[in-house]
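Below is one structure; the comments refer to it alone.
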Amino acid sequence: MEQLRPPRPDSYLALALISTIVCCLPIGIVSIIYATKVNSLYADGYYDEANRASKNAKTWGLVSIGIGVLFFLGIFLIYGAIIMAALSNGNY
Amino acid sequence: MEITKFKLPIIIIGVLAFFGVLALYIYWSPSETNIFPKCPFYSVTGIYCPGCGSQRAAHQILNGHIFEGIRHNYLIGLLAIVLVYQALVFIINNVLNKRITNLLHKSKVASGILIVVILFWILRNINMFPFTELAP
């Protein structure tokens with residue numbers, strides 16, 4: 001039986017935790033939920049479902065980090081533009 | 001092979017951007033300047049999210065004030081433990097060629113972390129003494 005087990009899919013738990021903490025959006029929680037599902041599904045022998053949960057955990061973690069990075073960049077571009085405008089007017 | 005050609009510049013840009021942002025967090029405190037984005041979830045709902053305070057924490061930790069930093073967001077401590085543990089298990093299994101089981105692969109540990117995060121989220125929003133310590 002042992003040899004029939006397919007390799008364990010990555011649960012992306014660390015990625016999920018990083019996404020929860022880094023980008024202030026609760027989407028990271030969704031990623032953690034999928035990460036916990038990967039482990040329990042794999043332990044119960046539902047390998048296909050575990051693989052799917054693994055993909056979901058990765059996607060949601062990356063989406064969460066992506067939104068955070070975009071938000072961050074957006075704010076920096078806005079402030080950058082404001083500072084540049086102020087500098088070029090000599091009012092800064 | 002084709003993919004790695006495209007991936008390399010992205011990785012290099014990502015690493016440079018990461019260190020650039022780290023430098024920003026070393027020199028400017030998020031509680032004193034406005035250049036860092038406020039948490040969008042908190043701005044919209046007025047409720048702290050599990051990630052609130054991580055920017056202030058990053059500033060403090062990068063300046064060596066580890067305990068003041070962790071007090072802004074205790075989840076950073078949990079994240080640090082998880083990352084160090086992952087790295088240790090990876091080193092033991094791949095470099096020393098041992099086979100120790102990764103506790104993070106146990107479903108109970110993973111669900112435990114989920115419960116801790118959600119409890120942390122709820123408790124840090126309670127405006128009473130022992131819980132205010134958890135607020136950012």
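Laboratory data are not the source of any read-out in this text; all were calculated from the coordinates shown. All figures in this text were calculated on a predicted structure; none of them were measured in a lab. Neighbour counts run over all protein chains shown; Cβ positions are idealised from the backbone, glycine included.
Things worth noting here:
- Calculated FRET efficiency, residue B:122 to residue B:21, Cβ-Cβ distance, R0 = 45 Å: about 0.90 to the nearest 0.05.
- Two numbers describe the Cα atoms of chain A: Rg and Dmax, which are 20.1, 75 Å.
- Taking all pairs of distinct alpha-carbon atoms in chain B, Kirkwood radius in angstrom: 17.6 Å
- Mean Kyte hydropathy of 1.6 or more with a Cα span along the axis of at least 15 Å, helices from DSSP in chain B: B:2-27, B:75-94, B:107-123
- Ascending count of other beta-carbon atoms within 10 Å, so fewest first, for A:64, B:107: B:107, A:64
- With the simple spin-label model, which puts each label point 7 Å out from Cα in the Cβ direction, the residue B:98 to residue B:135 separation comes to 4.5 nm.
- The modelled label-to-label distance for the pair residue B:67/residue A:81, using points 7 Å beyond Cα in the direction of Cβ, is 4.5 nm.
- Taking the number of Cβ atoms within 10 Å of each Cβ as an exposure proxy, the fewest-first ranking of A:42, B:27, A:79, B:48 is B:27, A:79, B:48, A:42.
- The value of relative contact order for chain B, using C-alpha pairs under 8 Å at least six residues apart, is 21 percent.
- Residue mean of other protein chain beta carbons inside 10 Å, B:105-116: 5
- Debye-formula intensities of the protein assembly as shown, expressed as log10 I(q)/I(0) at q = 0.10 Å⁻¹, are -0.55 (one equal scatterer per alpha-carbon, no solvent).
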